[in-house]
Amino acid sequence: MSGYSEEAWSLHHSGVGSPLPLPHAGKTPPPRGFTGRDGVDPSSAEVQAWVDAKSQANIACRLAEGVLGLDVDAYEPKNGAASLASLSERLGELPPTVVVTSRDGDSGIRLYRVPAGRSWAENADHLVGRDSHVDVIQRAHRYVVWKGSTHPSGALYRLDDQRTGEAGIEGVKAEELPDLPEPWVVALQHREVDELHDPAPASPNPHEGLIPVGSRDTALRDYAALLRRKGLTEREAEALVRLRWEDCEQPPGDEFSLAAALAKVASAYRNLDPEVVDEAVQSERPTRLTDGASFLLDEAEAVPVLWGDGEEALWAKGECLMIVGPPGAGKTTIAQQLVFARMGLREEVVAWPVGPDPGRVLYLAMDRPSQIRRSMGRLVAPEHRATLGDRLRVHKGPLPVDLTDPRNRDWLADYAESVGATTVVVDSLKDVVVRLSDDSSAGAYNAARMEVLARGIEVVELHHQRKANGENRKPRALDDVFGSRMLTAGAGSVLMLWGQAGDPVVEAFHVKPVLEPLAPFKVHHDHRTGESRIYGQEDLAELLTGSGEFGLTPAQIAMQRHSTTTPSKSQVETARKQLKRLVDRGVAEVVPAVPDRAVRYRMPDLVLDLPKEPDL
């Protein structure tokens, strides 16, 4: 007898899908939260826990993005075999593949690779005009009862390889599966085929059926232009024409063939005037073209700062902020505080003000969403419920599309606009760009990022640097950011953290500045409250408290902090800026003019009771 413990790990590493436990000899229910459109993939720890606790359970395979299953019920009284034959006649034969089944004959789930980011129909009923008994198993809908499971009848599920004729193969990897032919891809997408028909054609001749009669060359050219505006490739357009040819009315006695129609569409696709094709697309989007005088002279010269105080800018409007750090260094902690500040629930992050925004925040919680929820929960107070419900949207788990596919360039911007977001947080880049070092993948993602920014939506990204080694024990330069340079080239600001996982105090380096780089500083993370602040800010109050009525200068502060009589310019400037922030907050005050005319700072009568710094 097989079961979950024997099959889970091979499936988990196959790329075909995720292994979920089911009751022994049952098909339902799977564990909650791991299926459907909003489900997440189980971690390795969760798989191991199920292996230990449910060794004889059946296995549900929740398919990975880019894998599709065609579930054909070819036994009485179901008519899946007839539906499959009809579809094969119209769309072309399916290539042989691996089939998951517990029966003999044609029944089973045929597995294929498909383009990522598509929305699929739930079945083939719309193609055959009746109950097809051909269902479409996909990541967002249903799952496959996998090899090693027991059917309610007592039969075991197995993998049969149609390519070799071998029954009961050991396993299969996603890259070994054949591609679903393009006509099938077009036919099984969730988009209704009839939506591609113009409801009010511009031609004076009436259009009968999907492919119009009358002025045939003009009609087919117009139809090809329509399909290009809808985003179909030439191959997809040909597949759609082939699919719906039988629905088209042709003049009596006309011998115009499908092959001739396909040739006309292909020719039109290759020779269309781009202005004709792009006319509808351009009319749907605001123009981004401006003249040189307006661009250089009329637009605001000052940089609109989202995070910073003008002199010190960590994040500027219209430019992506990338926060880089090793695991546990606090990049998610800082990003979550920025989220709360953008919603108006706090005014500062670390030590700099953050500009609030009336729009929503879309948080892409792709990297361990449960951990993200726990971390962000530290910032939540009971009175925040209404604001969180209105202003924050969280996407849990992987995206349904591949943003490194140039065809999906607009998807993230469209997604953000659909939920009313004006800020997007990408947590993290490794979950969006799988091949981080590949320039083409990084370039395609950068194009998607730029489309988001071009629509007035701000972006924060979380990423990691290269691993430390003997020659580079503390990766803290821009070149140390992991992956293609296209990733950092498209970022407006890069803030890099360095420290060990869980350290309360970590170092921060502004390796790509908006204007002038900030001097290196240290950040103290309060792991209990989820808040971060400049390390060393608190000792200012203690130093000023003992300084008397004449106070201290920034240089004197730097001398005492660093135990030196010759502090560096950076150390003095850091002290000056921190003192200025204390004055802005009402914690300190500037001493009226004194004989040496140096600007001095002292504590007012009310002294802030600040928490003590952690011991390092």
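Computed quantities for the displayed model
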| item | result |
| --- | --- |
| q = 0.14, 0.16, 0.18, 0.21 Å⁻¹: log10 I(q)/I(0) that the Debye formula gives for the range 415-521, counting C-alpha atoms only | -0.63, -0.80, -0.99, -1.24 |
| Rotationally averaged projected area of the range 75-121 (alpha carbon convex hull; nm²) | 4.4 nm² |
| Of LYS430/LYS512; LYS78/LYS147; LYS396/LYS474; LYS27/LYS430; LYS430/LYS577, pairs whose Cα-Cα distance is over 30 Å | LYS396/LYS474; LYS27/LYS430; LYS430/LYS577 |
| Å³ per residue enclosed by the Cα convex hull of the range 405-455 | 69 Å³ |
| Prolate/oblate/rounded label for the range 288-446 (Cα gyration tensor, a/c 1.5) | oblate |
| Nearest-10 value in Å² for the accessible area of ARG466, using the 1.4 Å probe | 100 Å² |
| ARG368 - accessible surface, heavy atoms, 1.4 Å probe, Å² rounded to 10 | 130 Å² |
| Relative contact order (%) - criterion: Cα under 8 Å, at least six apart; region: the range 417-574 | 13 percent |
| Between the range 313-392 and the range 35-85, the Cα center-to-center distance that results, in Å | 36 Å |
| Per principal axis, descending, Cα span of the range 353-412 in whole Å | 42, 26, 22 |
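The values are calculated or read from the model by the stated rules, or taken from the named source; none is laboratory data. Quantities reported herein were computed from a predicted structural model and do not represent experimental measurements. The protein model used for the area step is the full one, side chains on, heavy atoms only, and it has no ligands, DNA or RNA in it. Shrake-Rupley method; radii C 1.70, N 1.55, O 1.52, S 1.80 Å.
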